[in-house]
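J.: I'd like to ask you about the structure that follows.
The values are calculated or read from the model by the stated rules, or taken from the named source; none is laboratory data. Note that the coordinates shown come from a computational prediction; the quantities given were computed from them, not determined experimentally. Neighbour counts are summed over all protein chains in view; Cβ atoms, including those assigned to glycine, are modelled from backbone coordinates with ideal geometry.
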Amino acid sequence: MLVDDAPNPQLFSEDLSSFAPTLVTPSIPGPRSLQLKSDLHETGQQAAAVIIFNDHQQCQGNFTVDADGNRILDLFNHIATIPVGYNHERMKKLVQSEHFQSLVLNRPALGVVPNLEFAQESRTLLSIAPKGLTKVQTMLCGSSANENAFKVAHYWKAKMMREKQGLGGDEFTQEELESCMLNESPGSPNRSILSFEMGFHGRTAGTLSATRSKAIHKVDVPAFDWPVTPFPHIQHPMDDPQNIVSNTKEEDRALASLNDLLSQRSESISALIVEPILSEGGDLHASPRFFKGVRDITRKHGVMMIVDEVQTGLGATGKLWAHEHWNLSEADSPDLMTFAKKCQLGGYFFRPEFAVEGNMRIFNTWMGEPTKIALLEEILHIIEDEKLLDRVQHVGNILQKGLQSLAEDFPNELSQPRGQGTFCAIDAQQLDLVHSKLLQRGILVGKCGSNAIRLRPSLIFEEGHAKFFLREFRSIMEDIAAV
Ligand SMILES: Cc1ncc(COP(=O)(O)O)c(C=O)c1O
């Protein structure tokens, strides 16, 4: 994934001051953010994870401005949700239109009384559908997209099983209708969603049963008795000849486990869900060959394949959808793909054979948000007009090469540099210290898994920002190594 001509970050001697943060408090968070955090906590809102408060009007491009006036270089972007930077002029213009304002003022219940443009807007969404997934359903957030994707899978599986028995796919028996009201079989069948170790798919009751990244997110919550299968543990750089043989073996081990499990239980498993990069779990990667194997095995066993692109989607890997890097043919595309975050609203694309018929079987009050679809449309124009996917690939190469060189130079502190486009990560022995030292230099990054720094810059992140970040990262690692 790396190109050889990306500059060595040790050589960034040019003036990068225009990419630098501006700090006004001796430490971050400053006093106002700390006070607001305490105020917020008192109201009962969850505030433990709050880092800083944003002064939204002051934020611009790649810089967030906090409550104390610090202008911070943002490589986290509200957990990977800001696609074209803060307060983009074209987005500001869009929201000034009377039409947009009427939608803000009168949020429609899209499942019953949608706005006039909804069908056309849904067609526009289909213009970015992955190969083969020619239908779309909007939702609210990533969790609601996944929750409803699970329902699609269960409906499909139940229909298939009925058809196998020579019954009409959607003709429910009286027993099914009565038993589901008691949460009992056969109306509430004993079927499951299979997920990978360290996968993350949300925190609502259903998705939490498929989430396997951190115990603290799950403990004390009753869960479905759903199966889990190992995800390969890959060594990076992935294309290093020294790693290829062991990585292939490791992926084969994971594929064999998956095949064994589905050989025994495929009738009770409606779908498998997987992220192209297991993000909250620690930015865990696997090769296109592995994912192709997963596709083949799920299909062989009649299990739907759901790809969760909530975090990886909309461009940060250098392609609109990260699973496009697998180079699958249209026939081999996944069955359904969920999205949210950078797309501004949740939803999923799916193959037509998974369409759900019947009244309100997939439904909630809002079913999406038309203002967010309008924002997404403009975001797509900006991505195209500003050639942002090309930029992500170029800047991503610089970031990846820079992380690799840092791991080589600080082997006791940093390891496993990895990334696709600007969607990058590196393991840090002293994760909290590195995170906090970067923040004190005015750089906000994310954490994931047990020890990874994750980078989630917006798509307008420039070469200069990347070089500035890498130079500062090197400098704090020199400080840490000197202690
Ligand atoms: C891969 C993935 N799936 C699902 C979710 C849940 O999305 P949301 O927080 O919007 O409900 C997340 C959130 O981080 C995610 O990263």
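J.: Under the condition of being away from the ligand (no atom under 11 Å from the Cβ) and in contact (Cβ under 8 Å) with a residue 60 or more places away in the chain, which residue from the stretch 212-226 is farthest from Ser415 (Cα to Cα)?
T.: This residue is Arg212.
J.: How many residues, within the stretch 413-427, are surrounded by 22 or more Cβ atoms within 10 Å (Cβ to Cβ), in contact with a strand residue (DSSP E or B) (Cβ under 8 Å, 6 or more places away or on another chain) and among the small types (Gly, Ala, Ser)?
T.: 2
J.: Quick one: Asp308 ticks every box in (1) under 22 Å from Glu378 (Cβ atoms); (2) buried (at least 23 other Cβ atoms within 10 Å of the Cβ); (3) charged (D, E, K, R) except a single one, so which number is it?
T.: Condition (1) is where Asp308 drops out.
J.: How about the stretch 65-184: which helices (runs of 4 or more DSSP H) wholly inside it have at least 2 residues that are more than 27 Å from Lys372 (Cβ to Cβ) and over 28 Å from the mean Cα position of the chain (by Cα)?
T.: Correct list: 142-164, 174-180.
J.: Report whether or not Thr229 is farther than 19 Å from Asp335 by Cα, more than 16 Å from the ligand (Cβ to nearest atom) and among the β-branched types (Val, Ile, Thr).
T.: It is true that Thr229 is farther than 19 Å from Asp335 by Cα, more than 16 Å from the ligand (Cβ to nearest atom) and among the β-branched types (Val, Ile, Thr).
J.: Counting just the residues of the stretch 185-206 that are part of a loop (DSSP other than H, G, I, E, B) and within 23 Å of Ser279 (Cα to Cα), which one comes out farthest from the ligand (Cβ to nearest atom)?
T.: Applying the filter and picking the extreme gives Glu197.
J.: Looking at the stretch 170-184, is at least one residue closer than 18 Å to Arg265 by Cβ, in contact with a Pro (Cβ under 7 Å, 6 or more places away or on another chain) and of a type outside the set (A, V, I, L, M)?
T.: The answer is no, given that none of the residues of the stretch 170-184 is closer than 18 Å to Arg265 by Cβ, in contact with a Pro (Cβ under 7 Å, 6 or more places away or on another chain) and of a type outside the set (A, V, I, L, M).
J.: List pairs: first in the stretch 56-82 and more than 26 Å from Glu309 (Cβ to Cβ), second crowded, with 19+ Cβ neighbours inside 10 Å and of a type in the set (D, E, K, R), Cβ under 7 Å, 6+ apart or cross-chain?
T.: If the second residue must be crowded, with 19+ Cβ neighbours inside 10 Å and of a type in the set (D, E, K, R), the pairs left are Phe63/Arg71; Phe63/Asp74; Val65/Arg71; Ile72/Asp66.
J.: Say whether the condition of being surrounded by 19 or more Cβ atoms within 10 Å (Cβ to Cβ) and either in contact with a Ser or Thr (Cβ under 6 Å, 6 or more places away or on another chain) or in the same structural domain as Ile269 (by TED's automatic domain parsing) (or both) is met by at least one residue in the stretch 167-188.
T.: no
J.: Related question: Only one of these conditions is not met by Val104: (1) surrounded by fewer than 16 Cβ atoms within 10 Å (Cβ to Cβ); (2) without any contact (Cβ under 8 Å) to a residue 24 or more places away in the chain. Which number is it?
T.: Unmet condition: (2).
J.: Would you call Ser209 within 14 Å of the ligand (Cβ to nearest atom) and either part of a loop (DSSP other than H, G, I, E, B) or not basic (Lys, Arg) (or both)?
T.: Spelling it out, Ser209 is indeed within 14 Å of the ligand (Cβ to nearest atom) and either part of a loop (DSSP other than H, G, I, E, B) or not basic (Lys, Arg) (or both).
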